[in-house]
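One structure below.
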Amino acid sequence: MSHTNMTIREAIASTIDAEMARDDSIIILGEDIVGGAGTAGGPEAIGGIWGTTGGLYGKYGAGRVLDTPISESAIVGAAAGAALAGKRPIAELMFADFIGVSLDQLWNQMAKFRYMFGGKTRCPAVVRMIYGAGMNAAAQHSQSAYAILTSMPGLKVVLPATPADAKGLLTEALRGDDPVMFFEHKALYGVKGDVPDGEYRLPFGQARQVRSGGDITIVTCGGMVRFCEKAADALAKDGIGVDLLDLRTTSPMDEEAILDSVESTGRLVVVDESPPRCSLAADISAIVAQKAFSSLKAPPLMVTPPHTPVPFARELERAWLPSHKDVEAAVRKTLAYNGSR
Amino acid sequence: MQLSRDEMLGAYRRMKTIRAFEERLHDEIMTGEIAGFTHLYAGQEAAAVGVCDHLTNEDFIVSTHRGHGHCIAKGCDVEAMMLEIYGRRDGLCKGRGGSMHIADLSVGMLGANGIVGAGAPQAVGAAISAKLDGKGRVAIAFSGDGACNQGTTFEAMNMAVVLKVPAIFVFENNHYSEHTGFDYAVGTSKDIASRAEAFGMKAWRANGSDFFDTHDTMRELLDYVRAGNGPAAIELDTERFYGHFEGDPQRYRGEGELDRIRETRDCLKAFRARVSEAGLLDPADLDAIDAEVLALIDKAVANARVAAPPDPASVADDVYASY
């Protein structure tokens, strides 16, 4: 298979473009996704503040590329309604933190249509949202809201960590018939990698084995993957083999891959960018404790930020965000538990 | 514009069906056989039918928690609705939705909604879809005087104007948002339509207790919207004959208020009087419709009472289209 080297930003932009070219029913809406509407600079003066939607307006027109007012409830609600009415909308939330002002349309509406209406409807809406800390964007523009949405039945939750995964998962989202929460980490947009050319789909619910090693399992996703890779490589130099799993999707979640790995390593560290209470890390720890208890040689450890909002100052945000050193320390602590190794 | 005899008989049948459906539910709920919360639409029939009689299955509506009337007016199957309200396996939504979540996309009914104000943005989305398809379809958001105070409704009205889509905001003003009076809760001098005008769209006002006034006004409005002029709104002044929900003691009503509105603001009585006095329809034909409708509702209730419940083993089905 031929590949092209590109950034996650480019992978997302080119996938949206390719899918819109393939399927007329795909529309895209959000704030400043065109940018410059109603200004002297004219449409496309900005081309999307994240650089993922530039050029679409000129190519597909105002009927399919809709610059909206700052109205997140209406953006997500319109996506829900358009999906019921036969389209495949992509709604962009400029920051995932803005689920706060659109949550009803996500949670009570699009997540529930299919079940509540007796399985007779489909709601193929993709809500792209930009998340994550590390850019000093402070408390309301840095959160990892995926745990909240993962807790809601009816939504699928996707977090690509590589350019290839961004293409494969976004394509899958746009071909499916369920509402998908597509999380794009703002600090990962510039990450480069090889992306398969042509048709490329990745099924949801299949974790990516990032590193293989028999001593300990690290489960993570999204923005934390890169820190875990760094930790795993440092540990490898000390002869510690890490089984590193990138979940790719937290709903559905590849429970089998987690349990298989823990059954072979007997040790688990979960690394999660969302706060610790009722989090993905807590959920995975509980699943492993219930389903792989007899395999465990040490208690599962969670590496998460503290249970606080995201701080602004560089020093504070660095202290807040889990680092590769935190991951490494958790691994060593788990391995040292009760002299188990 | 004068309606044909068949159009008038059809409109009367739909209004009578809604009334009989709701009155029967009012009685049946007292037996304890129907679970959950039910919000009856009786009194507002001319609004739902006056609006929906202009629509085809290709047009979209989104409804409210008080949605039975909109469902019937848009063409949802009455017996399947009754099964749904009884929580039966063969209900319109397999017993998963209940009274507040009836939907039938095959007739363009995108769903009743338990969240006040949630439907308006969805109608904008359906209108985006309709505009893109270019077939002159419209999407209607039914809202009450309660939903007119929700931010979602404001966002939806503004976005509809900005995107110039064929969304229609129908505000049924029944003067009560739950148990709170319209005079208290709506800040724009007893005028909801002016809010739509403030967002930059044309708005109409009609007597929602008069089928003919509602229907005539909606024709004008729909001609305007289907011609590609963007969104529009209408405020329909109407009355709610029952409480906010069944079981509501309605202590907020004035002395003799319910008797008065049933006497002076009953859209079915007004319809009968109008067509009889003008010699448009024979009262015997209306009586025949009454009998047929009551028989249909009897049958729907009798069936629903003994119909099979959903299989508990199906509780986790249909959360996703694919797993």
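The values are calculated or read from the model by the stated rules, or taken from the named source; none is laboratory data. Being a predicted model, the structure only gives us computed values, none of them experimental. Note that we place each Cβ from the backbone using ideal geometry, even for glycine, and neighbour counts take in every protein chain shown. Each accessible area value is taken on the protein alone, full model and side chains, heavy atoms only, with ligands, DNA and RNA left out. Shrake-Rupley method; radii C 1.70, N 1.55, O 1.52, S 1.80 Å.
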**Asked** Given H placed on each backbone N at 1.01 Å, which residues far from residue A:251 in sequence or on other chains put an amide H within less than 5 Å of it?
**Response** A:157
**Asked** At a 1.4 Å probe radius, carbon and sulfur cover how many percent of the accessible area of segment A:6-196?
**Response** 55 percent
**Prompt:** How much accessible area per residue does segment A:6-196 have, in Å², with a 1.4 Å probe?
**Reply:** 28 Å²
**Prompt:** Picking from B:121, A:280, A:85, whose Cα lies most toward the positive end of the charge dipole for the protein assembly as shown (charges on Cβ: Lys, Arg +1; Asp, Glu -1)?
**Reply:** A:280
**Message:** Please report the spacing between the Cα centers of segment B:182-260 and segment B:261-304 in Å, no decimals.
**Reply:** 23 Å
**Prompt:** Do any trypsin sites (Lys or Arg not before Pro) in segment B:87-192 lie in a DSSP loop with no more than 16 other beta carbon atoms within 10 Å, and if so, which?
**Reply:** B:89, B:135, B:164, B:190
**Item:** Packing rank of A:78-87, A:174-183, where each peptide gets the mean count of other beta carbons within 10 Å, highest leading
**Value:** A:78-87, A:174-183
**Fill in**
Partner shielding of B:111-123, taken as the mean number of other chain Cβ atoms within 10 Å, equals 6
**Asked** Just the projected area, averaged over all directions, of the convex hull on the alpha carbon atoms of the protein assembly as shown: how many nm²?
**Response** 32.9 nm²
**Request:** At a 1.4 Å probe radius, which order do B:163, B:286 fall into by accessible area, largest first?
**Result:** B:163, B:286
**Size of the B/A contact, given as accessible area buried on both chains, probe 1.4 Å, in Å²** = 3200 Å²
**Request:** Calculate what fraction, in whole %, of the accessible area of segment B:5-305 sits on carbon and sulfur atoms when a 1.4 Å probe is rolled over the protein chains.
**Result:** 48 percent
**Message:** From the protein chains alone at 1.4 Å, what is the descending order of accessible area for B:269, A:112, largest first?
**Reply:** B:269, A:112
**Asked** Within 10 Å of each Cβ of B:82-89, how many other protein chain Cβ atoms are there on average?
**Response** 0
**Message:** Suppose only helical runs count, i.e. DSSP H with n ≥ 4. What mean residue ellipticity at 222 nm does that imply for chain A under -39500 (n - 2.57) per run, divided by all residues and rounded to the nearest 500 deg cm²/dmol?
**Reply:** -9500 deg cm²/dmol
**Message:** Given the whole protein assembly as supplied and a 1.4 Å probe, what does the accessible area of residue B:197 come to in Å², nearest 10?
**Reply:** 80 Å²
**Message:** Give the residue list of trypsin sites (Lys or Arg not before Pro) in segment A:1-79 that are DSSP loop and have at most 13 other beta-carbon atoms within 10 angstrom.
**Reply:** none
**Complete:** For segment A:144-159, Karplus-derived ³J(HN,Hα) couplings (6.51, -1.76, 1.60; θ = phi - 60°; whole Hz; x for glycine and proline) come out as 9, 7, 5, 5, 4, 6, 5, 6, 9, x, x, 9, 9, 10, 10, 9
**Complete:** One would report the antiparallel percent of DSSP beta bridges in the protein assembly as shown, rounded to the nearest 5, as 20 percent
**Request:** Working with all protein chains in place, sort B:199, A:227 by solvent-accessible area computed with a 1.4 Å probe, largest first.
**Result:** B:199, A:227
**Request:** Could you pull out which residues in segment A:229-273 have an amide N less than 14 Å from a spot 7 Å beyond the Cα of residue A:3, following the Cα-Cβ vector?
**Result:** none
**Request:** May I ask you to list, by number, the DSSP H helices of chain A whose Cα span along the axis is at least 20 Å and whose average Kyte-Doolittle hydropathy reaches 0.0 or more?
**Result:** A:8-22
**Prompt:** With every protein chain left in place, what is the accessible area of residue B:64 in Å² (1.4 Å probe, nearest 10)?
**Reply:** 20 Å²
**Prompt:** Quick one: how many Å² of residue A:199 are accessible to a 1.4 Å probe, rounded to 10?
**Reply:** 120 Å²
**Complete:** Averaged over the residues of B:174-187, the number of partner chain Cβ atoms within 10 Å of each residue's own Cβ comes to 0
